[in-house]
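The values are calculated or read from the model by the stated rules, or taken from the named source; none is laboratory data. As the structure is a computational prediction, the values presented were derived from the model and not from experiment. Reconstructed Cβ throughout: ideal geometry from the backbone, glycine too, with neighbour counts over all protein chains shown.
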Ligand SMILES: *Cc1c(COP(=O)(O)O)cnc(C)c1O
């Protein structure tokens, strides 16, 4: 979708291949951003990744943030982070002006139809976004539902749902592992949840 939206706005897209473990190739991203003729202003990373489920490596992310500071915004798409909240990169925001985290109510909150998400970043980034955002971007009924979803009770409901889904994932994984046709099951970082 990022590529489609970029191309719709006439913005060129460059893709950097994942490594053999389907992880982000941090050095390749850094080299692409810092290439002499680079026009890259924004990098999208997805964690947990859709569809691989892979996470970002905090240390390598910090190195990338430092190496691309002042050149590119690094966006971590955390659409699924509620399924492994301990692995969020949100703690890095305070020290890194070029880190932007995006979240959505579409997944763990089960509210895809209200089309609502949010951005976590330093004030300077949010101020820049406020200048270009559409006027009145959030319909009032959406704001009301989102406020409920993010209340203490809404968060509790979300966490109960996440616990059920994470448990279902383990059931599915153990069933899949018994299939003779299965070649490799990529382990999740279960212990960190
Ligand atoms: C679902 C999803 C989103 C959020 O989509 P919405 O437009 O907020 O519904 C963002 N990134 C990824 C990787 C997703 O899977």
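Tally time: how many residues in region 19-51 are exposed (fewer than 14 other Cβ atoms within 10 Å of the Cβ) and closer than 24 Å to residue 83 by Cβ?
5
Please find, among 31, 64, 45, 56, the residue that is farther than 23 Å from residue 1 by Cβ and either more than 16 Å from the ligand (Cβ to nearest atom) or without any contact (Cβ under 8 Å) to a residue 60 or more places away in the chain (or both).
Values: 64 fails: farther than 23 Å from residue 1 by Cβ; 45 fails: farther than 23 Å from residue 1 by Cβ; 56 fails: farther than 23 Å from residue 1 by Cβ.
Among 31, 64, 45, 56, only 31 is farther than 23 Å from residue 1 by Cβ and either more than 16 Å from the ligand (Cβ to nearest atom) or without any contact (Cβ under 8 Å) to a residue 60 or more places away in the chain (or both).
Give the residue that is nearest to the ligand (Cβ to nearest atom), with candidates limited to residues of region 95-115 that are farther than 15 Å from residue 42 by Cα and surrounded by fewer than 17 Cβ atoms within 10 Å (Cβ to Cβ).
106
Counting only residues that are within 15 Å of residue 99 (Cβ to Cβ) and over 10 Å from the mean Cα position of the chain (by Cα), how many does region 39-56 have?
The total comes to 3.
Can you find a residue that is modelled with pLDDT of 95 or more, farther than 22 Å from residue 56 by Cα, away from the ligand (no atom under 16 Å from the Cβ) and surrounded by fewer than 11 Cβ atoms within 10 Å (Cβ to Cβ) anywhere in region 85-94?
Within region 85-94, none of the residues are modelled with pLDDT of 95 or more, farther than 22 Å from residue 56 by Cα, away from the ligand (no atom under 16 Å from the Cβ) and surrounded by fewer than 11 Cβ atoms within 10 Å (Cβ to Cβ).
Tell me whether region 121-132 contains one or more residues that are surrounded by fewer than 14 Cβ atoms within 10 Å (Cβ to Cβ) and touching a helix residue (DSSP H, G or I) at 6+ places or on another chain (Cβ under 9 Å).
Within region 121-132 (the criterion being surrounded by fewer than 14 Cβ atoms within 10 Å (Cβ to Cβ) and touching a helix residue (DSSP H, G or I) at 6+ places or on another chain (Cβ under 9 Å)), the answer is no, since none of the residues qualifies.
Per-residue answers, yes or no, for (1) within 16 Å of the ligand (Cβ to nearest atom); (2) surrounded by 12 or more Cβ atoms within 10 Å (Cβ to Cβ):
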residue	(1), (2)
117	yes, yes
138	yes, yes
146	yes, yes
152	no, no
156	no, no
173	no, yes
